[in-house]
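Asker: For reference, the structure I am asking about is given below.
The values are calculated or read from the model by the stated rules, or taken from the named source; none is laboratory data. If you're wondering where the values come from, they're calculated on a predicted model, not measured in any experiment. Please note: Cβ atoms are built from the backbone with ideal geometry, for glycine as well, and neighbour counts cover all protein chains shown.
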Amino acid sequence: MKIIVGLKQVPARDSQLRTDAAGRSIEEADLAFEINEPDAYALEAALQLREEHGGEVVVLTVGPARAAQSIREALAKGADRAIHIEEENLGRWDTLGIAGLMARAIESEKPDLILTGLQSDDLGYGQTGVVMAELLGLPHATIIMRVEKLDGAIRVKRELEEGWFEHVEIPLPALLTIQSGITKLRYATLMGIKKAKTKEIRRLTAAELGVAPALVIEISRVYVPQKTKQTEILGGSVRQAAALLVERLRFGARVL
């Protein structure tokens, strides 16, 4: 069973973010980076499936040269090899462009299953996986809590609203987006770290893949939202003030 795992490198969750001098991006000089948390759970799900049914786990990353650090971490945890689409300026690519890069890179791989995280911790679009499934013509399911391998298919548990779940059988090949927290993440062992140094990382570029941004994105300004306080005295009787408060909460603050 060949499993492709989409993996993104993002700023560490405890990072102190600052805008750069031009005010159009985040200053990366002092940032630490890590594997996107939902993608880490997708990797863990893939490794568990391989341990149970055999096969190969291939990590797929789109990102700058520094993303190699996260790729090595995934290899140290047990992935067999990796594909790194090197792109220094991810900000100019929209979701369709990124999904197009990933789809083109794995066309020749013929995977049985593709796993991605539900969404990225930095942008949070939650679209790349499902767009890639559409480009590849694969059935897909989102917000996956559990994956069970069947004969020529998989059975998945999907998280719905208000504590409800859905169980679906999907034919292979397929693509799934994995929810965070579905299992306990493993750590890289010392032996795994040593082995990672010898595992294959295939490096590609957008030009080699023949893919250009479907829509070039230009960020004009990045800034921290201003925090403001405002006090309003509600007059009238108690009944009138209560009615006015409910109106403000419902239509102004939109919390009711």
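Asker: Quick check: anything in the range 185-197 in contact with a strand residue (DSSP E or B) (Cβ under 6 Å, 6 or more places away or on another chain) and crowded, with 18+ Cβ neighbours inside 10 Å? Before you say what the answer is, go through the steps one by one.
Answerer: Pass one, the range 185-197, residues in contact with a strand residue (DSSP E or B) (Cβ under 6 Å, 6 or more places away or on another chain): none.
Within the range 185-197 (the criterion being in contact with a strand residue (DSSP E or B) (Cβ under 6 Å, 6 or more places away or on another chain) and crowded, with 18+ Cβ neighbours inside 10 Å), the answer is no, since none of the residues qualifies.
Asker: I'm told residue 107 meets every condition in (1) more than 18 Å from residue 48 (Cβ to Cβ); (2) modelled with pLDDT of 95 or more; (3) assigned to a helix (DSSP H, G or I) except one. Can you identify the failing condition by its number?
Answerer: (2)
Asker: Answer yes or no as to whether residue 51 is closer than 21 Å to residue 195 by Cα, surrounded by fewer than 17 Cβ atoms within 10 Å (Cβ to Cβ), modelled with pLDDT of 95 or more and in contact with an Asp or Glu (Cβ under 8 Å, 6 or more places away or on another chain).
Answerer: In short, no.
Asker: Counting only residues that are touching a Ser or Thr at 6+ places or on another chain (Cβ under 8 Å) and in a strand (DSSP E or B), which one in the range 116-160 is surrounded by the most Cβ atoms within 10 Å (Cβ to Cβ)?
Answerer: Residue satisfying both the conditions and the ranking: 116.
Asker: Here are some residues: 203, 254. Which one is at positive phi and either among the charged types (D, E, K, R) or loosely packed, with under 11 Cβ neighbours inside 10 Å (or both)? Before the answer, list the steps.
Answerer: Working: 203 fails: at positive phi.
Within the list 203, 254, the selection yields 254.
Asker: Right, here's the next one. The conditions are (1) touching a residue at least 40 places away in the same chain (Cβ under 8 Å); (2) touching a helix residue (DSSP H, G or I) at 6+ places or on another chain (Cβ under 7 Å); (3) farther than 30 Å from residue 90 by Cα, and residue 189 fails exactly one of them. Which is it?
Answerer: That leaves (2) as the condition not met.
Asker: Is at least one residue of the range 91-105 surrounded by 18 or more Cβ atoms within 10 Å (Cβ to Cβ), in contact with a Pro (Cβ under 6 Å, 6 or more places away or on another chain) and not hydrophobic (A, V, I, L, M, F, W, C)?
Answerer: Yes; the residues of the range 91-105 include at least one that is surrounded by 18 or more Cβ atoms within 10 Å (Cβ to Cβ), in contact with a Pro (Cβ under 6 Å, 6 or more places away or on another chain) and not hydrophobic (A, V, I, L, M, F, W, C).
Asker: With respect to residue 214, is the statement that it is in the same structural domain as residue 65 (by TED's automatic domain parsing), surrounded by 13 or more Cβ atoms within 10 Å (Cβ to Cβ) and either in contact (Cβ under 8 Å) with a residue 60 or more places away in the chain or under 23 Å from the mean Cα position of the chain (by Cα) (or both) true?
Answerer: Spelling it out, it is not the case that residue 214 is in the same structural domain as residue 65 (by TED's automatic domain parsing), surrounded by 13 or more Cβ atoms within 10 Å (Cβ to Cβ) and either in contact (Cβ under 8 Å) with a residue 60 or more places away in the chain or under 23 Å from the mean Cα position of the chain (by Cα) (or both).
Asker: Got at least one residue in the range 12-35 being within 25 Å of residue 214 (Cβ to Cβ), assigned by TED's automatic domain parsing to the domain that holds residue 203 and at pLDDT 90 or above?
Answerer: No: zero hits.
To keep it simple, each residue is scored yes or no on (1) of a type in the set (A, V, I, L, M); (2) in contact with a strand residue (DSSP E or B) (Cβ under 7 Å, 6 or more places away or on another chain).
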{"position": "160", "(1), (2)": "yes, yes"}
{"position": "168", "(1), (2)": "yes, yes"}
{"position": "221", "(1), (2)": "no, no"}
{"position": "224", "(1), (2)": "yes, no"}
{"position": "227", "(1), (2)": "no, no"}
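Let's see how each residue does on (1) under 25 Å from residue 120 (Cβ atoms); (2) in contact with an Asp or Glu (Cβ under 9 Å, 6 or more places away or on another chain); (3) assigned by TED's automatic domain parsing to the domain that holds residue 35:
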{"position": "161", "(1), (2), (3)": "yes, no, yes"}
{"position": "166", "(1), (2), (3)": "yes, yes, yes"}
{"position": "184", "(1), (2), (3)": "yes, yes, yes"}
{"position": "195", "(1), (2), (3)": "no, no, yes"}
{"position": "202", "(1), (2), (3)": "yes, no, yes"}
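Asker: Another question, if that's okay. Being acidic (Asp, Glu) and within 22 Å of residue 107 (Cα to Cα) is the filter here, so list the residues in the range 117-160 that pass it.
Answerer: Once the filter is applied, which keeps residues that are acidic (Asp, Glu) and within 22 Å of residue 107 (Cα to Cα), the range 117-160 yields only 134.
Asker: Picking from 83, 144, which residue would you name as being at pLDDT 95 or above, within 19 Å of residue 71 (Cβ to Cβ) and in the same structural domain as residue 28 (by TED's automatic domain parsing)?
Answerer: Among 83, 144, only 83 is at pLDDT 95 or above, within 19 Å of residue 71 (Cβ to Cβ) and in the same structural domain as residue 28 (by TED's automatic domain parsing).
Asker: Taking helices (runs of 4 or more DSSP H) that do not extend beyond the range 175-256, which have at least 1 residues that are acidic (Asp, Glu)?
Answerer: Answer list for the range 175-256: 206-209, 238-247.
Asker: Here is a list: 76, 40, 68. Which entry is of a type outside the set (Ser, Thr, Tyr), more than 22 Å from residue 182 (Cα to Cα) and at pLDDT 95 or above?
Answerer: Unique residue meeting the criteria: 68.
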